[in-house]
Amino acid sequence: MVSFVAQKTFNCRGPDKWHEAYDCRTGQNILFRVLPHLLPADNPQQAELASNVGVHGNCNCRECKVGGTDDDRETNEGYHAHFEVQSMTARTTEETIETIRQQIEAACLGQMDVVKELQTKTGVKDTIAIYWVETLVGMAKEKQKVISSDLKVQDRHLRGLKGTDREDMKDKIREEIKSLDPHRDTTVEILHTFLLGLIKYIFYETHKPWDKKKDHIFAARLHSSSTNGLSLLLQW
């Protein structure tokens, strides 16, 4: 029942999907939309929420797969890819979960180098999963030291999870919140992305060679500028 309701909610959500209902309190017919919660935060936290490796990674965008090694970025294709919108490179919740699952599977075999290779290649690094990845790698290495030759013991381990128990274990790893996509629902942080990022450095680069004389000239011209149209009065 819970999964049915969750699926119905997922299918009904979206900014362009309106639904009719009757408001008992006002006694009127109304329209409503089902919109998921956003994940507002600063850029590092949003990268963490989207299971992204962060600004220092090769693929450091939480919304798309643009990036690569320094050599890849310096090619014509790699450079121009940073300024183009390509739907095929957009990250999805399903792909991110699958990548995390692959990392956990590699950890179960004690292959930490494979885990790091996947993180570097995809830019997916989940802070919750990494705890279990490190734990599983340690456990796998300990178990690999013990080579069992008893067929009964081997059989017991192989048949330990079967049927619904095996599926339940898979479901736990593949668990996802259908109504929330961190790659789409982490809003752009205006302060550090633009005001203290792009805008700050544009202003800095355009005025850093000035001397005091040029500062005074700029101030005089700025004060002489017309401010008409820069603000609009509300008409009530």
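Values quoted throughout were computed directly from the atomic coordinates according to the rules given, and no laboratory measurement underlies them. Everything numeric here is computed off the predicted structure, so don't read it as measured data. Cβ coordinates were reconstructed from backbone atoms using ideal geometry, including for glycine residues, and neighbour counts include every protein chain displayed.
Remarks
- Inter-site label distance for GLN102 and GLU77 at 7 Å from Cα along Cβ, in nm: 1.9 nm
- Extension reserve of the THR69-PHE218 stretch, reckoned as 0.36 nm per residue once the Cα distance is removed: 49.4 nm
- Gain in span if fully extended, VAL188 to GLU95, counting 0.36 nm per residue against the direct Cα distance: 31.3 nm
- Cross-link pairs beyond the 29 Å C-alpha cut-off, checked among LYS116/LYS145; LYS116/LYS200; LYS65/LYS145: LYS116/LYS200; LYS65/LYS145
- Ranked list, fewest to most other Cβ atoms within 10 Å of each Cβ, for CYS61, CYS24: CYS24, CYS61
- Inter-probe distance in nm under a simple model that places probes 7 Å from Cα toward Cβ, at THR120 and TYR22: 6.4 nm
- Computed FRET value (nearest 0.05) for LEU198 with THR127, which takes r as the C-beta separation and R₀ as 45 Å: 0.95
- The stretch 61-149 shape via C-alpha gyration tensor axes, a/c threshold 1.5: prolate
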